[in-house]
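Trainee: So that we are looking at the same thing, I have put the structure below in structure tokens.
The values are calculated or read from the model by the stated rules, or taken from the named source; none is laboratory data. The structure presented is a predicted model; accordingly, all values stated were derived computationally and were not measured. Methodologically, a virtual Cβ is constructed for each residue, glycine included, from the backbone with ideal geometry; neighbour enumeration extends over all protein chains shown.
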Amino acid sequence: MNSLEQVMRKPLPVPDADTQAYWEGLRQGKLLLQHCLACGHVQFYQQAICRHCGSERLEHRAASGRGRVHSFSVVHRAPSPAFKGDTPYAVLLVELEEGPRMISSLIDGDPMKVTFDMPVVLVCEPVSEAISLPRFRPAEREQVK
Ligand SMILES: [Zn+2]
């Protein structure tokens, strides 16, 4: 691969031992959250211990996929040439129904019509054989026409 191809290629996450279950879940269309069996805390992204109480008694459960836009920003200038065809696009801070917040991006909707508190639904978008990325689309399509 030459250097131009490298620039044109979007960086992909690389699963490791800690995050393998998470990526496997996404591949199957599920966003896995860790539920702490000791204190009930729900955390997104995978860690060996609960970030709230330090317990190791964590269990993976699939998120409902429903959430709301807590904050967002519309990107008009691509951060690298690989993203040039995508602008404008909306970067979202989504608050999941279960509580955790995650950074993602809007798919299948007008980025200019994103609003605070807009209901969104998870879409697992396959970007390679091993990797699907969690994105969100508007929950009510009529809102973004
Ligand atoms: Zn805990």
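Trainee: Could you please let me know if H70 is outside any loop (DSSP other than H, G, I, E, B), within 11 Å of the ligand (Cβ to nearest atom) and modelled with pLDDT of 95 or more?
Mentor: It is false that H70 is outside any loop (DSSP other than H, G, I, E, B), within 11 Å of the ligand (Cβ to nearest atom) and modelled with pLDDT of 95 or more.
Trainee: Every residue in region 13-35 that is out of contact with any Pro (no Cβ under 7 Å at 6 or more places or on another chain) and either within 11 Å of the ligand (Cβ to nearest atom) or under 17 Å from M102 (Cα atoms) (or both), please.
Mentor: P13, T19, Y22, G25, G29, K30, L32, Q34, H35
Yes or no, residue by residue, for (1) part of a helix (DSSP H, G or I); (2) under 24 Å from P119 (Cβ atoms); (3) under 13 Å from the mean Cα position of the chain (by Cα); (4) not β-branched (V, I, T):
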site	(1), (2), (3), (4)
A21	yes, no, no, yes
E24	yes, no, no, yes
H35	no, yes, no, yes
I49	no, no, no, no
C53	no, no, no, yes
E56	no, no, no, yes
A90	no, yes, yes, yes
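Trainee: Another question, then. Does any residue in region 36-53 that is under 24 Å from S104 (Cα atoms) and near the ligand (Cβ under 6 Å from one of its atoms) come within less than 9 Å, Cβ to Cβ, of a residue that is charged (D, E, K, R) and not in a loop (DSSP other than H, G, I, E, B) six or more places away or on a different chain, and which pairs are these?
Mentor: C36/E59
Trainee: Out of R27, R68, which single residue is surrounded by 14 or more Cβ atoms within 10 Å (Cβ to Cβ) and within 26 Å of L12 (Cβ to Cβ)?
Mentor: Only one candidate qualifies: R27.
Trainee: Then there's this: Here are some conditions: (1) within 16 Å of the ligand (Cβ to nearest atom); (2) polar (S, T, N, Q); (3) out of contact with any Ser or Thr (no Cβ under 9 Å at 6 or more places or on another chain). S104 meets all but one. Which one does it not meet?
Mentor: Answer for S104: the failing condition is (1).
Trainee: Going by what's in this entry, would S128 be described as under 26 Å from K10 (Cβ atoms) and of a type in the set (G, A, S)?
Mentor: Judged against the criteria, S128 is a match.
Trainee: For Q20, only one of the following conditions fails: (1) closer than 20 Å to S128 by Cα; (2) free of Cβ contacts under 8 Å to residues at least 24 places away in the same chain; (3) of a type in the set (S, T, N, Q); (4) touching a Lys or Arg at 6+ places or on another chain (Cβ under 8 Å). What is its number?
Mentor: (4)
Trainee: I'm told C36 meets every condition in (1) surrounded by 15 or more Cβ atoms within 10 Å (Cβ to Cβ); (2) within 18 Å of L122 (Cα to Cα); (3) among the hydrophobic types (A, V, I, L, M, F, W, C) except one. Can you identify the failing condition by its number?
Mentor: Checking C36 against (1) surrounded by 15 or more Cβ atoms within 10 Å (Cβ to Cβ); (2) within 18 Å of L122 (Cα to Cα); (3) among the hydrophobic types (A, V, I, L, M, F, W, C), the one that fails is (2).
Trainee: Across region 84-104, what is the number of residues that are within 23 Å of L33 (Cα to Cα) and surrounded by fewer than 19 Cβ atoms within 10 Å (Cβ to Cβ)?
Mentor: Selection size over region 84-104: 9.
Trainee: I've got another one for you. On the given criteria, is G99 in contact (Cβ under 8 Å) with a residue 24 or more places away in the chain, assigned to a loop (DSSP other than H, G, I, E, B) and away from the ligand (no atom under 16 Å from the Cβ)?
Mentor: No; evaluated as a whole, the condition is false for this residue.
Trainee: Using the structure shown, decide if R77 is among the charged types (D, E, K, R), within 14 Å of the ligand (Cβ to nearest atom) and not in a strand (DSSP E or B).
Mentor: no
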